[in-house]
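Note sheet for the following structure.
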Amino acid sequence: MSQVSVARRWSWVIWGLAVSLALACGEPVSETSSQPSANPVPGQLSDSEPSESVPIPQPDLTDMEPQVDTRLRQTRAAVESDPESAAAWGRFGMVAHAHELWDVAAAAYRRAEQLDPKDVRWPYFLGDVLSVVSTEPDEAAGAFRRAIALRAGYGPAHMRLGRTLHAAGQTDAAAVELTRALELEPGLQPARVTLAQIWLAEGKLDQAEEMLDKILSRQPRHAQALSALGQVYLRQGQRARARKIAEQARSAASYNLFSDPLMDPVINEGVSSVLIWDRAKAFLDNGDNEQASLGLQNVVELQPDNADAHQQLAVALGNLGELERSRRHLERAVALAPDRVDSLIQLATVQIELQDPGAATGNLGRVLELAPEDPDARWLLGRAQVLSGDLRSGLASFDRAQQAGGAIPVWARNDWGSALAQSGRPNAALEQFRAVLESEPENAQALFYVGLVLEGLGQVEEAVEHYCRSMNAQPSPPAGSRLQALGKTCP
């Protein structure tokens, strides 16, 4: 589950599929004519057989959610009504595919491809299904090759074929396809990871490291890239670096989502709350809060008493700056699970951001009853008390938090220093701010606070220097206002 950050700004970290999560059943528009091809693609399935000889698979609807049951029944009925329709068979397969009914999906796609050999979707979707369930990887590879013959230059198809070949141990052929995929679409990060894994296995450690560094420069929490880089370091004899990377990989995000417009309609057919939730959590883990919030909103509508879903929706909304909506869902999560410490801390953090320190203090008091050693609760309590104007209690909470031991978060040092400055202890305040700047020399907030304290001590030139450094790190109205009040400008 994504956890809340207690920094002053929401910083939960959580593939850019534009997933529509509507539950309406609309028939997809065919990529090509639905007429059978007079000149089938090489390797194409045989011509269509009489419809009565092709049984329509009956999916197991046991324990299906009502909306899934309805969609499967409707799309199967469409095939019964028009058994010679490639579109009807394909849509039935897409709904089965989206809900991981692999055998049903494979049978439907095979029939759709027989009926319309020119529609790239049917071999492409079939390849995806077979890459999951088939014991014969050549069958999945063949389906992807038929799709590539119909849609030349489609990067995700080359990537899927390359990964299928890699899983089958055909590394040379896999590398060719993966390289082609990246030539067509450089942003296909799963292709980069798989290619780096091939190079790692072949002992091409420098090439693998360079590729993985490129991925991590854009996505520092890419779990698969971190894991592979750890293996590179281990092979290079850098055991300490390998251990450090392995620790990062354990808490990182899985990046299996990527842009694949051809596959999007299959994903859109998924109306199971479990599938929607899984996709939404993947979006959340990978920082796509907008798509995560859309999916999680659907989940809480389908499962209004799901505390986890309310909490995760609150995280996504908070990251989008929609704090009032975030608070409502956190309040619902706490009502459903009153003793969940993480929900209470997240709710208190939002309440502080919304300038409601009294409510936050009450929730943090509850946290300290449930988990007296929680590393964040006392620091947050101090923040809430200072915000409410109770400096003495806030400073006492900061002191108790320090006495509890452990690392002091940067945001907490800034809060503590600000409270010390307000209480007339400038030297103690400077000690906290300078401790922040030792670890983060360009921390804009700490630089601004140092400037304020120095200005108060009459050290105007030093204060101006810190205001300018704060502006360079992160332009902000407070630092600019102080410079204007002093009649100073930055070089």
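Taken together, the values in this text are just the output of simple stated rules run on the coordinates, not laboratory data. Values in this document were obtained by computation on a predicted structure and should not be read as measured data. Here Cβ is always computed from backbone atoms with ideal geometry, including for glycine, and neighbour counts include all displayed protein chains.
Tabulated data
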item	result
Centroid-to-centroid separation of segment 427-491 and segment 298-322 [C-alpha atoms, Å]	38
Part-to-part distance (alpha-carbon centres) for segment 64-141 and segment 186-221, which is given in Å	33
Sequence of F258, F125 once ranked by neighbouring C-beta atoms within 10 Å, starting from the fewest	F258, F125
Theoretical FRET efficiency, 1/(1+(r/R0)^6), r = Cβ-Cβ of D356 and E438, R0 45 Å, to 0.05	0.85
Over 17 Å [Cα-Cα, segment 408-491], rounded percent	40
Projected label distance in nm at A168 and S481, using a 7 Å step from Cα toward the beta-carbon	6.6
Partner aspartates and glutamates for K281 [C-alpha distance under 15 Å; skip if fewer than 8 residues away on the same chain]	E290, D308
In nm, spacing of pseudo-spin labels at L370 and R151 (7 Å Cα→C-beta vector)	4.6
Most to least packed among 59-65, 210-216 [average Cβ atoms within 10 Å]	210-216, 59-65
For segment 153-270: relative contact order, % (alpha-carbon pairs under 8 angstrom, 6 or more apart)	19
Rounded to whole Hz, the Karplus (6.51, -1.76, 1.60) HN-Hα couplings of segment 439-444, x for glycine and proline	8, 9, x, 10, 5, 4
Sum of side-chain charges, A314 neighbourhood, beta-carbon under 14 Å (Lys, Arg +1; Asp, Glu -1)	0
Gain in span if fully extended, R250 to Q236, counting 0.36 nm per residue against the direct Cα distance	2.9 nm
Directionally averaged projected area (convex hull, Cα atoms, segment 153-270), nm²	7.7
Length released on extending from R400 to R243, taking residue separation times 0.36 nm less the Cα-Cα span	53.2 nm
